[in-house]
Amino acid sequence: MHLLYCLLLLVLFSSTLIESAQQEIFLNEETPIGTIIFDLNTLSPSLITYQLLESSSLLSFNSSTNLISISKRIDRDTLCPNDDTCSKCQITIKFYDMFNYEILLLIFNINDINDNSPIFSSNTYSISLTENNIPGIKIGLSKGEDIDCRDNGVQLYELTYILNGHIVISSINLVHQQNQTQNQPFYLQYDSNSELYLIVNQTLDRELQHEYIFTVTANDYSHTVSSKLILTVLDVNDHTARFSQSVYPVNISHSTLPGTVLIKLTAYDPDLDHNARIYYSLLTIDGANNKNDLFQINSHTGELRLLANLSHFDSKKIFKLIIGASDGSNNAIPALTTVYINMIPQSIISITFGSNRISKNSSEVFIEENLPNATFIAYVTSDEDLQVLPERNNRGFFIQKLSENSLTLLTDRSYDREIRSSYDVLIRSGTNERSFRIVVTDVNDFRPQWNSSLLNINIESQFMILTLNAKDEDENQNGKVGYRKTGYPWPTWIDLVDNKLIINCTNEIDNSCWQNLLNDELTVDVEAYDHGKPELSSIITLRIYHSLSRNLIIRPEYILIGVGSVLGALFILVALILCICCRRKDRKSKNIIDDNNPQQKIIQISSSSEQSSSADSLYGSDKSDNITLETAASCHLDMFLFSPKRGVILTDLPYQYSFMNKPIHPSDNLTNKLFHSIQNDLSLLTDAKQDILTKRGTYV
């Protein structure tokens, strides 16, 4: 029993020790991972071993060093959510002291930092309020939410807007609950329930301003965020219709046609939509509110129209009409205006168009084009002087005045509808005027036109569809263009459907398409015609070819040039062969003469004293009395080689001769060869170079 009592005292004593062995540490959230936040060695001067009993995944304990560090990100707002009052947010670790045999409790208090920005649920909010409101009305707004605790949450709201061209800023401090802008038209209010309101401190008028745009800003002194607030002012039917004038005068004559719109009245209501819908009514005519058959007003458009002819109101000078306009609301007071219709005497203009075709209301007269100049248009009469407009040139007509009050209009040209299709005419007489238009009608005088008379078509694929486009400046049926084949029969692989030219070379059995194209070009004619009377047409020639066939075609002019070139070459070759043959025969005859009679090789030329002196001057003291010439005379060509008045000038350059006063060029191959042979023979007869040789001519 005594032992049990001792054990109980030991347990109670141990419990007292555990209560006293605890330590509180303060730690900021978002402290970097790996940071050492506590050293257990600081609790005792000696080295003590601790056994970890309870821990958190956010912290790490090193048993060899007794150091506690951060192992994961610590976010107070996640660890302790919805803690607006910043109450304690703790992490607890429990150790067992192996030396003192006691339990050590470490409590880490997580401090909040301002690491989150306020957030609005939407970037734009729209609210509406009916106009004519009572000042001071409250409109609830969405707050900026900040998950930090209250001390680091939203501290300030600002309201920014434009009023009368000036920027207005209204703010409220949530900590001190102060608002210095309560005298402004709009300001913010934050009540004891932590709700945010917009206070409208004035009466709104939609007709003055139908929309207000605000910017609401939440500020926690580290971050700011804004949201757009749109206040739309709703309309109420608080205005009546108004006319811009109280009196409207209208001038008409007794000849004004029924159905004419006399005036269009417009009333204005600044309200919106159905509250601004205006309804017009004719209340009285000359003070009587009974129905009438003269005038009528359209209740929606405000058009006042004449219903009947006023010719029997000869003595009537003026009509007074009272017109009302209202917005259709119950018990609405209509706006009133007065319309005075003044009857103005007018002269009567009479127009007779003769046999010309005219429109139903005589506003248009139709004249055919190509009619001769001075064609009759109209006969005009009036009881006052007449004036015809326009008075400028090129107006399309001229005036033949018959009297002061009558005239005829005649065409001043032969009309051409393709150049100009209408002319306007205005006739005035006193205060009255009438107008009509001369419309030039079309006749088939323009044939379809092609861009060119020849169209080249290169067949680049086996199947082609080409669109033909001829233009006809006429109108309606006269300008409608059709197409048809004409000329020689068309090949089967070319077809014409409407304005489509179809070239089909895809038939593998019948290859006449490619045969025709490879042999030569193909030409076909297409005729474009109109549908007028008489029918007019024009023809275009289509030259169809393939690019390969053009390269293979040998034209006659090419053949003539080739034949001429060949014949010229043959002629030169034959001439060369004849000269070679003649020279060989001459050499053979020379050999025969040398063998039989050596004296026949030498042609002796006796020199007179004059000739001797000439020879002395030519050759000096070592002159020769005999000169032997070897020529190509055996070719049966009689060539006059030398004469007393002609000579051969020998120079250092080959083929440079002047023979019979005619220059010989090296380009003359036959002549060069002939005289080259002569030069070689002369060089055999003389030992020294001879510059000039002049002798009496002889025939060889």
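Sort ARG543, ARG428, ARG392 by Cβ crowding within 10 Å, fewest neighbours at the top. Let's see the in-between values first.
Numbers: ARG543 13, ARG428 18, ARG392 6.
Least to most surrounded, the residues fall as ARG392, ARG543, ARG428.
Quick check: net charge around GLU473, other residues with Cβ under 13 Å of its Cβ, Lys/Arg +1 and Asp/Glu -1? It would help to have the intermediate numbers written out before the result.
Values: positive: ARG417, ARG420, ARG447, LYS471, LYS480; negative: GLU369, ASP416, GLU418, ASP442, ASP445, ASP472, ASP474, GLU475, ASP530.
My count for the surroundings of GLU473 gives -4.
Compute, for the stretch 242-343, the length of the dipole vector about the Cα centre, with Cβ point charges of +1 (Lys, Arg) and -1 (Asp, Glu) only. Units Debye, rounded to 20. Let's see the in-between values first.
On the way: 8 positive and 8 negative charges, 58 e Å.
Using Cβ point charges on Lys, Arg, Asp and Glu, the stretch 242-343 gives about 280 debye.
Tell me which chymotrypsin sites (Phe, Trp or Tyr not before Pro) from the stretch 73-155 have a DSSP coil assignment and no more than 12 other beta carbons within 10 Å of their own.
Of the chymotrypsin sites (Phe, Trp or Tyr not before Pro), the ones in loops of the stretch 73-155 whose Cβ has at most 12 other Cβ atoms within 10 Å are PHE99, TYR101.
Can you give the FRET efficiency to the nearest 0.05 for THR338 and GLU433, using r as the Cβ-Cβ distance and R₀ = 25 Å?
Values: r = 28 Å, r/R0 = 1.11.
For THR338 and GLU433, the calculated efficiency is 0.35.
Against the empirical 2.2 N^0.38 Å scaling, what ratio does the C-alpha Rg of the stretch 18-111 come to?
Ratio of Rg to 2.2 N^0.38 Å for the stretch 18-111: 1.11.
Under the rule of at least 5 residues apart or a separate chain, name every residue whose amide H is placed under 5 Å from the amide H of ASN100.
Sorted by chain and number, the residues that satisfy this come to none at all.
Can you tell me the alpha carbon radius of gyration of the stretch 454-552 divided by the globular rule-of-thumb value 2.2 N^0.38 Å?
1.20
Take every Cα-Cα pair in the stretch 200-279 and report what % of them are more than 14 Å apart.
76 percent
So which GluC sites (Glu not before Pro) in the stretch 189-223 end up in coil per DSSP with only 16 or fewer other C-beta atoms within 10 Å?
For GluC sites (Glu not before Pro) across the stretch 189-223 that sit outside H, G, I, E and B with at most 16 neighbouring Cβ atoms in 10 Å, the list reads GLU195, GLU207.
In whole Hz and in residue order, list the ³J(HN,Hα) couplings for the stretch 306-311 that follow from phi through the Karplus curve 6.51 cos²θ - 1.76 cosθ + 1.60, θ = phi - 60°; x for Gly and Pro.
Computed from phi, the couplings for the stretch 306-311 are 7, 9, 10, 6, 9, 5 Hz.
Describe numerically, in nm with one decimal, the distance between label points set 7 Å from Cα along Cα→Cβ at GLU30 and at ILE167.
2.9 nm
So how far, in whole Å, is the C-alpha centre of the stretch 22-71 from the one of the stretch 122-181?
Between the Cα centre of the stretch 22-71 and that of the stretch 122-181, the gap is 47 Å.
Could you grab the Rg to Rh ratio for the stretch 349-441? Cα atoms only, Kirkwood for Rh.
With Rg and the Kirkwood Rh in hand, the quotient comes to 0.94.
Starting from 0.36 nm per residue, how many nanometres of slack lie between GLU364 and GLN515 once their C-alpha separation is accounted for?
48.1 nm
Cross-link list LYS264/LYS316; LYS316/LYS401; LYS72/LYS143: which exceed 29 angstrom alpha carbon to alpha carbon?
Violating the 29 Å limit, Cα to Cα: LYS316/LYS401; LYS72/LYS143.
Could you let me know the centre-to-centre spacing of the stretch 208-243 and the stretch 77-110, using Cα atoms, in angstrom?
50 Å
Give me a comma-separated list of calculated 3J(HN,Hα) values for the stretch 376-392, in order, Karplus coefficients 6.51, -1.76, 1.60 applied at θ = phi - 60°, integers in Hz, x for any Gly or Pro.
Result, rounded to whole Hz: 5, 10, 7, 10, 10, 9, 7, 8, 9, 4, 9, 10, 10, 10, x, 9, 6.
Please sort by residue number the chymotrypsin sites (Phe, Trp or Tyr not before Pro) in the stretch 241-330 whose DSSP state is loop and whose Cβ has at most 15 other Cβ atoms within 10 Å.
In loop regions of the stretch 241-330 (DSSP not H, G, I, E or B), the sparsely surrounded chymotrypsin sites (Phe, Trp or Tyr not before Pro) are PHE313.
Have a look at HIS274, LEU307, THR284 and report the one farthest towards the positive end of the charge dipole of the stretch 202-352, computed about the Cα centre with Cβ charges (Lys/Arg +1, Asp/Glu -1).
Of HIS274, LEU307, THR284, it is LEU307.
Just how far, in whole angstrom, is the stretch 359-418 from the stretch 439-487 if you go by their alpha carbon centroids?
Answer, in whole Å: 37.
Determine ³J(HN,Hα), in whole Hz, for all residues of the stretch 24-32 in sequence, where each value follows from phi through the Karplus function 6.51 cos²θ - 1.76 cosθ + 1.60 and θ = phi - 60°; x replaces Gly and Pro.
Per residue, the Karplus-derived 3J(HN,Hα) values read 9, 10, 9, 9, 7, 5, 6, 5, x Hz.
Every read-out reported here was derived from the displayed coordinates using simple, explicitly stated rules and does not represent laboratory data. It should be emphasised that the depicted structure is a prediction, and the values quoted were computed from it without experimental measurement. Note: ideal-geometry Cβ built from the backbone for every residue, glycine included; neighbour counts use all protein chains shown.
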